[in-house]
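Below is one structure, written out as structure tokens; comments come after it.
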Number of protein chains: 2
Amino acid sequence: MFRTPQETEVAFYRALERADLAAMMEVWADDDNIACVHPMGPRLEGREEVSESWRRIFGNGARMRFRLSDIQELREGDVVVHVLHENITVSAGRSESTVLATNIYRLVGDSWRMVLHHASPAPRPQDEEEIEDEDEDEDSPKVLH
Amino acid sequence: MFRTPQETEVAFYRALERADLAAMMEVWADDDNIACVHPMGPRLEGREEVSESWRRIFGNGARMRFRLSDIQELREGDVVVHVLHENITVSAGRSESTVLATNIYRLVGDSWRMVLHHASPAPRPQDEEEIEDEDEDEDSPKVLH
């Protein structure tokens, strides 16, 4: 049981770091109205598709460490949304990459469960500066919309 | 006033197509706990950052047409989440590109307003097949997590 959205979030990233599929699927709401988007991946719907994607990711052998930062919270009744940066180190010695994630938690019975995870690549700091500086570059995918 | 999340969504994409900044900012909740992520862009927080980003996008002269598809809805009390595909045609004659978006609407007073828009590139159909076929490719960013 996850008594707060924070507990659910901790359990989610712990399951991810440990590549623990059973713990991961405990985090998600136990119904099929859930959605998961991995970086540059398709939208996955329902427990079967979501579970299968984590099984595949965990099966590829790469181990990841997560450092979360810049957590913004939107809270409304029984729904809590976190928009945050995942600073990820893959296996040993590689440099950190950053992913932007929207995580949505919902109170189901007496436990907060994940209902959506939408992750996408975050720009590197120099890319952000480029966005500031390049008003005129209408072909840049960074400013498509 | 937007009486349903659907009305808000229609107004959001109409403002985007018309490059109408005033109409766009009418759609967003009138407080600073809002977040917007454009494809491959940084997380923007608050009305000033969000408004400035749309001003820049609208100012670059490119006009976009949106065809929405595959809308998945998660509803809980005064919060509605849509995860959908934006099929976008830029100006005349270019081919369609697809963006995955999570849109969150919240009932504020008697009007549904947008509080989050997280958009990221969707894989092309052939990319999705590659994900299915390439279990072993642990360096692929598509399966990072």
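Among the residues making up the stretch B:1-45, a single one is touching a residue at least 12 places away in the same chain (Cβ under 8 Å) and basic (Lys, Arg): B:Arg3.
Quick grid of which residues meet (1) closer than 29 Å to A:Gly41 by Cα; (2) exposed (fewer than 15 other Cβ atoms within 10 Å of the Cβ); (3) of a type in the set (A, V, I, L, M, F, W, C); (4) more than 13 Å from chain A (Cβ to nearest Cβ):
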| residue | (1), (2), (3), (4) |
| --- | --- |
| B:Met1 | no, yes, yes, yes |
| B:Phe12 | yes, no, yes, no |
| B:Ala19 | yes, no, yes, no |
| B:Ser53 | yes, no, no, no |
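Taking the listed residues A:Arg56, A:Arg63, the one that is among the basic types (Lys, Arg) and at pLDDT 95 or above is A:Arg56, with no other qualifying.
What do you reckon, is A:Arg113 of a type in the set (Lys, Arg), more than 24 Å from B:Cys36 (Cβ to Cβ) and either within 7 Å of chain B (Cβ to nearest Cβ) or in contact (Cβ under 8 Å) with a residue 40 or more places away in the chain (or both)? Can you show your working first?
Working: of a type in the set (Lys, Arg): yes; more than 24 Å from B:Cys36 (Cβ to Cβ): yes; either within 7 Å of chain B (Cβ to nearest Cβ) or in contact (Cβ under 8 Å) with a residue 40 or more places away in the chain (or both): yes.
Spelling it out, A:Arg113 is indeed of a type in the set (Lys, Arg), more than 24 Å from B:Cys36 (Cβ to Cβ) and either within 7 Å of chain B (Cβ to nearest Cβ) or in contact (Cβ under 8 Å) with a residue 40 or more places away in the chain (or both).
In the stretch B:21-46, which residues are open to solvent by 60 Å² or more (accessible area, probe 1.4 Å) and within 24 Å of B:Arg3 (Cβ to Cβ)?
B:Ala22, B:Glu26, B:Asp30, B:Asn33
The values are calculated or read from the model by the stated rules, or taken from the named source; none is laboratory data. Since we're looking at a predicted model, the values are computed, not measured. FYI the Cβ positions are ideal-geometry reconstructions off the backbone, even for glycines, and counts take in every protein chain you see. These area figures cover heavy atoms from the full protein model, side chains too; ligands, DNA and RNA do not enter into them. Shrake-Rupley method; radii C 1.70, N 1.55, O 1.52, S 1.80 Å.
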